[in-house]
């Protein structure tokens, strides 16, 4: 763009120089005729300079608009997937995440017309699936957008309705999903293949930091008995080798917004009261009177409590930083219990 503008200015300079050079010739012509020729020359010069300038600016504007329009529009149902695809797509993508509120339960999210329009306009849509964001699947079906690429994480992982939908808490599932995002972006925007390859390598290296911490926790505390108020922690407990002993029926019911069976409540309370767990993991985004009671019982017994969330908090940090910070709290709590603090 800059070369074209410079070229336009050079043309103008040459035309001006030519006009002044012609003044010597005009001195030999009668004044009246000379004035007419000068006026004609100035009009022609002005017209040519304006035309050259307008052509350069129009070309520059067109290139800018084309560059902006070339970005791949991406919509993620939730900000944890949005963060990852945003880091992967970089300057070649324009990413919007729908579920981001750190004070709300994502299981209870209700979509709106703005969400519908965003999904309809997207070239690439990422949903969690497994019943976690059925509202997004309905919007995708209603939009009927041609050539739209949809990544359903549950489908990718061979999961479905009834399975634990908190896939982003499994480092294995995260790595597999990022690879699928990379493959889909290549298919949508093959001209940026080299750029995406660089972004993919950088993101994979960055995810390695929190994966390393998971390995460290496994090496130090594998087999340690822990409890969780809901199933959000199940995948991470498996990855770290911790023994998650809280009743599955209790965790599943709370995650789905239902009342746990009375027997599972009694079992959970007994685990806390008898001090048979080293740490209690607590979902800060699905708070109920029952989970608050479990939390209070754990505090009274001196059991360390680790809060986790369903969406990225704070909302402006990358996925891996969020996960790493939660792992640090978990590691510190395990250390404190081991040291009897």
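The values are calculated or read from the model by the stated rules, or taken from the named source; none is laboratory data. None of the values given here were measured: they were computed from a predicted structure. Quick reminder, even Gly has a Cβ in these numbers, built from the backbone with ideal geometry, and neighbours come from all protein chains shown.
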Residues (touching a strand residue (DSSP E or B) at 6+ places or on another chain (Cβ under 8 Å) and farther than 23 Å from residue 219 by Cβ) located in region 304-341: 305, 307, 309, 310, 311
Qualifying residue in region 319-339 (condition: over 23 Å from residue 209 (Cα atoms) and in contact with a helix residue (DSSP H, G or I) (Cβ under 8 Å, 6 or more places away or on another chain)): yes
Near pairs, Cβ below 8 angstrom, 6+ apart or cross-chain, from region 67-93 (in the same structural domain as residue 128 (by TED's automatic domain parsing) and buried (at least 23 other Cβ atoms within 10 Å of the Cβ)) to any residue that is assigned to a helix (DSSP H, G or I) and modelled with pLDDT under 95: 78/106
Conditions (1) within 20 Å of residue 311 (Cβ to Cβ); (2) in contact with a strand residue (DSSP E or B) (Cβ under 9 Å, 6 or more places away or on another chain); (3) not in a helix (DSSP H, G or I); number of the one not met by residue 104: (2)
Selected residue (criterion: farthest from residue 106 (Cα to Cα)) from residues of region 127-170 that are surrounded by fewer than 22 Cβ atoms within 10 Å (Cβ to Cβ) and in contact (Cβ under 8 Å) with a residue 40 or more places away in the chain: 170
Filter result for the condition that a residue is more than 19 Å from residue 326 (Cα to Cα) and touching a residue at least 24 places away in the same chain (Cβ under 8 Å), over 290, 242, 236: 290
Helices (runs of 4 or more DSSP H) enclosed by region 121-192 - at least 3 residues per element that are within 21 Å of residue 72 (Cβ to Cβ) and more than 18 Å from the chain's Cα centre (by Cα): 134-143
Residue 236 vs. criteria modelled with pLDDT of 95 or more, closer than 17 Å to residue 170 by Cα and either in contact with a strand residue (DSSP E or B) (Cβ under 8 Å, 6 or more places away or on another chain) or buried (at least 20 other Cβ atoms within 10 Å of the Cβ) (or both): yes
Enumeration of residues in region 235-290 that are assigned to a loop (DSSP other than H, G, I, E, B), closer than 22 Å to residue 340 by Cβ and touching a helix residue (DSSP H, G or I) at 6+ places or on another chain (Cβ under 9 Å): 241, 242, 245, 276, 277, 278
Top-ranked residue of region 178-188 - restricted to ones that are surrounded by fewer than 23 Cβ atoms within 10 Å (Cβ to Cβ) and in contact with a helix residue (DSSP H, G or I) (Cβ under 6 Å, 6 or more places away or on another chain), ranked as nearest to residue 321 (Cα to Cα): 178
Of all residues making up region 301-312, the number that are buried (at least 20 other Cβ atoms within 10 Å of the Cβ) and out of contact with any helix residue (DSSP H, G or I) (no Cβ under 6 Å at 6 or more places or on another chain): 1
Yes/no for residue 209 being surrounded by fewer than 16 Cβ atoms within 10 Å (Cβ to Cβ) and touching a residue at least 60 places away in the same chain (Cβ under 8 Å): yes
